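The values are calculated or read from the model by the stated rules, or taken from the named source; none is laboratory data. Because the structure is a prediction, the values reported are computed rather than measured. Glycine also receives a Cβ, built like all others from the backbone with ideal geometry; neighbour counts cover every protein chain displayed.
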Amino acid sequence: MQNIRHDVVVTGIGLISCLGSLQTTWSSIVQGKSGIKLQQPFAELPVYPLGLINSQPSRIDNLTQKILLATLIDAKLQIPLLECGVVIGSSRGCQATWEELIVQKDGHILNWLETLPHQSAIATAQYLQTNAPVSAPTAACATGIWALARGYELIKTGRCERVFAGAVEAPITPLTLAAFERMGALASTGCYPFDVKREGLVLGEGGAMFVLETGESATRRQAKIYGKISGFGLTCDAHHISAPKATNGSAARAIKQALERSNLEVQAIDYIHAHGTSTSLNDRHEAQLIKHIFPQGVAVSSTKGATGHTLGASGAINVALTLIEMKHSYLLPCVGLINSEFNLDLVTQPRKKQVHHAMCFSFGFGGQNAVITLSK
């Protein structure tokens with residue numbers, strides 16, 4: 001058996017999406033189902049396709065608590081965890097609460113300190129009763145992978161033996177919908193990644209958390225191991241507020257960084273979980289990147305056609321689903337894709353495949369690029 005003492009391994013996963021828990025999300029996507037429905041949560045705005053968990057938008061504090069408890073149960077850990085690091089990110093944070101405050105007419109003001117962007121990380125740390133480092137990264141849609149990379153660093157540098165890392169997002173608010181609509185980025189009927197008729201992104205709610213720990217710690221407590229983090233790449237080009245840079249930009253450097261830190265060649269990658277937002281620019285940019293860096297061909301899919309785009313949490317959700325794909329040796333289909341615009345090996349039906357090394361991509365506004373390599 002491979003010596004994993006010095007590896008950073010994943011021993012617990014908690015996930016909630018518009019399709020439900022980790023297991024129900026996985027099984028639904030295998031069946032080609034989507035949790036996206038036409039909804040009108042705000043009377044002043046039109047009907048949109050949305051990935052709502054319930055009939056009304058979720059609150060980030062409730063989502064954080066549910067995902068945290070699911071992660072603890074899956075990892076078979078109990079509080080207190082006094083020396084456990086925490087890295088929980090969000091790109092929108094408590095924005096929904098701020099919007100509610102603006103339109104309140106009764107003059108009621110809640111404790112402002114409980115609505116700051118780091119609230120999910122703070123709530124997680126308080127529940128775990130930890131005295132270890134606590135971080136709340138935000139890097140637009142790259143936030144989830146950024147959080148995992150920071151958790152990896154905390155363990156590799158000896159700061160922590162175990163870290164709770166991930167991202168949570170409750171982005172369905174009037175301002176967020178209006179902003180994406182004004183940009184022309186919102187879909188009108190659904191999410192169709194890499195399809196010739198893709199319309200734009202569909203907002204979704206949810207998040208994922210992970211227990212990261214040293215291989216030695218996992219072995220000592222006989223924990224199940226989903227896989228290990230082999231490396232990551234983080235770059236930012238600040239090229240444009242929303243448009244990605246060309247093929248030779250910093251997104252390509254993030255991919256190459258992740259490969260170098262993982263000590264892997266491009267040929268070793270069996271699968272890529274793409275960012276796959278279903279917007280015209282992102283999908284074209286990502287397809288060009290993959291063709292440029294992986295000319296030998298590699299299996300590719302995106303699950304946003306099933307879950308919607310959870311913004312800062314999307315990378316964390318992608319990592320969770322990729323680890324389950326590796327566990328079952330089964331690739332998830334790109335739900336919503338009928339006719340591809342791109343000459344890629346896109347997974348359109350569930351595919352049996354041994355995955356030893358996989359990569360997850362996240363590309364955010366402002367030129368934020370995050371790539372992570374997972375190994376079996």
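Please go through the range 261-283 and pick out each residue that is of a type in the set (D, E, K, R) and either part of a loop (DSSP other than H, G, I, E, B) or under 30 Å from Met183 (Cβ atoms) (or both). Selection gives Glu265, Asp270, Asp283. Scanning the range 132-155 for residues that are over 19 Å from Cys84 (Cα atoms), surrounded by fewer than 24 Cβ atoms within 10 Å (Cβ to Cβ) and of a type in the set (A, V, I, L, M, F, W, C) returns a single hit, Ala140. Taken over the range 273-283, the criterion of being farther than 12 Å from Phe363 by Cα and surrounded by fewer than 20 Cβ atoms within 10 Å (Cβ to Cβ) is satisfied by Ser280 alone. It is to be established whether one or more residues within the range 42-49 are surrounded by 21 or more Cβ atoms within 10 Å (Cβ to Cβ), in contact with a strand residue (DSSP E or B) (Cβ under 9 Å, 6 or more places away or on another chain) and either in the same structural domain as Gln119 (by TED's automatic domain parsing) or in a strand (DSSP E or B) (or both). Yes, some residue in the range 42-49 is surrounded by 21 or more Cβ atoms within 10 Å (Cβ to Cβ), in contact with a strand residue (DSSP E or B) (Cβ under 9 Å, 6 or more places away or on another chain) and either in the same structural domain as Gln119 (by TED's automatic domain parsing) or in a strand (DSSP E or B) (or both).
From the list Gln78, Gln65, Gln23, the lone residue that is polar (S, T, N, Q), in a helix (DSSP H, G or I) and without any contact (Cβ under 8 Å) to a residue 12 or more places away in the chain is Gln23. Only a single criterion out of (1) closer than 19 Å to Gly166 by Cβ; (2) assigned to a helix (DSSP H, G or I) is not satisfied by Ser28, namely (1).
When the range 316-357 is filtered for residues that are among the basic types (Lys, Arg) and touching a residue at least 40 places away in the same chain (Cβ under 8 Å), the ones remaining, listed by number, are Lys327, Arg351, Lys353. Just to be sure before I move on: is Ser250 farther than 30 Å from Leu69 by Cβ, out of contact with any Pro (no Cβ under 7 Å at 6 or more places or on another chain), of a type in the set (Ser, Thr, Tyr) and in contact (Cβ under 8 Å) with a residue 40 or more places away in the chain in the structure I sent? The answer is yes for Ser250.
Exactly one residue out of Ala208, Ala251 is over 24 Å from Val47 (Cα atoms) and modelled with pLDDT under 95: that is Ala251. Has the range 27-39 got at least one residue that is among the charged types (D, E, K, R), surrounded by fewer than 16 Cβ atoms within 10 Å (Cβ to Cβ) and within 30 Å of Thr157 (Cβ to Cβ)? The answer is no, given that none of the residues of the range 27-39 is among the charged types (D, E, K, R), surrounded by fewer than 16 Cβ atoms within 10 Å (Cβ to Cβ) and within 30 Å of Thr157 (Cβ to Cβ).
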